[in-house]
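K.L.:
Here you go, one structure.
Laboratory data are not the source of any read-out in this text; all were calculated from the coordinates shown. Since this is a predicted model, take the numbers as computed values, not measurements. Cβ coordinates were reconstructed from backbone atoms using ideal geometry, including for glycine residues, and neighbour counts include every protein chain displayed.
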Amino acid sequence: MINNILIKKSKVFFRQTWVEIDKSDFHFNLKNIKKHIAKNIKIMAVLKNNAYGHGGIIIAKEAQKSSVQWIAVSSLEEGIELRDAGIKTNILILERIFPSTNFQVAVAHSLTATISTMLDFVALEKLAIRLNKKIDFHLKIDTGMGRIGIQPDLSYSLLNKISKTNVVNMTGIYTHYSVADIDPLYTKIQFNIFIKIVKFARLKLKLKFIAHSANSAAFIKNKMTHLDMIRPGSVIYGMNPFKQMYNFLKFKPVLSWKTKIIFLKKVASGFCISYGRTFVTNKLSVIATIPVGYGDGYNRLLSNKAFVLVRGKRCQILGKITMNSTMIDVTGVKGICIGDEVVLIGIQNKEQIKVDELAKIQDTINNEITSSISSNIPRIIV
């Protein structure tokens with residue numbers, strides 16, 4: 001059945017490991033987001049790092065269908081890939097474009113650059129003059145994230161420069177919150193710094209632009225941060241941006257990760273599994289091998305700790321996860337056979353393996369789990 005789907009929607013693959021993307025759940029999440037923002041507020045869907053591992057082109061096409069006004073990616077390469085795939089939606093490059101000669105690449109592909117220094121502005125202005133073309137950009141303000149962005153006290157002189165030019169056009173100004181999920185006080189401090197700059201640019205300099213600051217956590221927790229546009233990332237994929245459950249909105253996971261059993265064996269008590277002999281059977285056991293491992297993004301930290309689903313039952317990982325193979329205990333699964341579907345992330349019958357479950361084992365966040373799934377694993381729309 002899977003191969004039939006692939007022939008229609010993707011290239012044929014032979015290794016039985018794949019990711020399923022449920023487009024109906026993606027649209028459900030977007031509709032839910034739209035219900036909780038004012039009608040005049042725009043949405044910038046964050047699709048960086050292959051759409052958090054969900055497949056950049058797949059998600060971009062669905063976002064475009066849903067009339068999302070903006071898409072955000074991290075690099076020129078990601079932006080170019082989306083343009084080559086026929087995406088017409090506005091695309092913002094979130095990272096600083098370096099060296100500045102690469103601004104011409106952004107312009108050639110109708111990608112909006114982020115600038116965060118006076119040098120960036122001067123380089124963009126010179127390019128606009130050389131091309132005899134008005135170039136749009138967004139200005140990033142660092143209000144406390146410490147990643148990229150101009151320092152608030154330096155932003156005023158840059159904005160003055162921007163207000164006097166007629167060859168480049170600041171269509172957006174934005175910032176990013178570092179602790180919107182856990183620290184409302186610090187988030188408010190960041191917001192106040194940002195809104196002061198926004199008011200200066202609008203009221204004193206009469207500049208017209210889109211102001212945006214709200215990531216997923218800020219969008220949910222603080223309506224004040226919505227401004228002209230929100231930038232949801234994890235929530236559009238149905239992932240909780242908080243460590244603890246937060247029931248303000250309901251979202252559906254968009255991604256499932258599946259594979260198949262390719263080998264089965266019965267082994268006696270005292271049999272060692274995988275590198276380092278970290279697991280030794282204590283009874284007659286049935287061991288299955290699945291074609292997925294840390295080289296595919298299924299982290300070694302899950303060794304001997306995580307579970308998968310087979311025929312609706314939770315089956316434990318046994319031994320060290322290897323580069324492209326993992327062993328699981330299917331001793332208690334009735335009727336087990338080669339070719340049975342195995343769920344690494346997702347639902348099977350009434351059981352579910354959540355991304356957050358794997359994140360907890362690895363002591364990380366859910367975004368890292370999906371973003372780490374190798375781009376070589378096929379993404380299939382269901």
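K.L.:
Can you tell me the 0 to 90 degree angle between the C-alpha axis of helix 118-131 and the longest principal axis of the chain, rounded to 10?
P.N.:
That helix lies at roughly 80 degrees to the long axis.
K.L.:
Okay, moving on. Which value in deg cm²/dmol, rounded to the nearest 500, describes the helix-derived mean residue ellipticity at 222 nm for the chain, given -39,500 (n - 2.57) per DSSP H run of n ≥ 4 and division by the residue count?
P.N.:
-8500 deg cm²/dmol
K.L.:
Once each part is reduced to its C-alpha centroid, what is the distance from segment 138-157 to segment 43-88 in angstrom?
P.N.:
25
K.L.:
List every residue whose amide H lies under 5 Å from the amide H of Ile97, counting only residues 5 or more places away in sequence or on a different chain, with H placed 1.01 Å from N in the peptide plane.
P.N.:
Thr114
K.L.:
Here is a follow-up. Of all DSSP beta bridges in the chain, what percent run antiparallel (nearest 5)?
P.N.:
50
K.L.:
Find out how many positive minus negative residues lie around Ile97, taking Lys and Arg as positive, Asp and Glu as negative, among other residues whose Cβ is under 15 Å from that of Ile97.
P.N.:
-1
K.L.:
On to the next question. With mean projected area of the Cα convex hull in nm² as the read-out, I listed (i) 20.6; (ii) 17.2; (iii) 21.7; which label goes with the value calculated from this structure?
P.N.:
Given (i) 20.6; (ii) 17.2; (iii) 21.7, the calculated one carries the label (i).
K.L.:
Please give the length that would be gained between Leu154 and Asn166 if that part of the chain were fully extended, namely 0.36 nm times their separation in residues minus their C-alpha to C-alpha distance (nm, one decimal).
P.N.:
Value of the extension gain: 2.2 nm.
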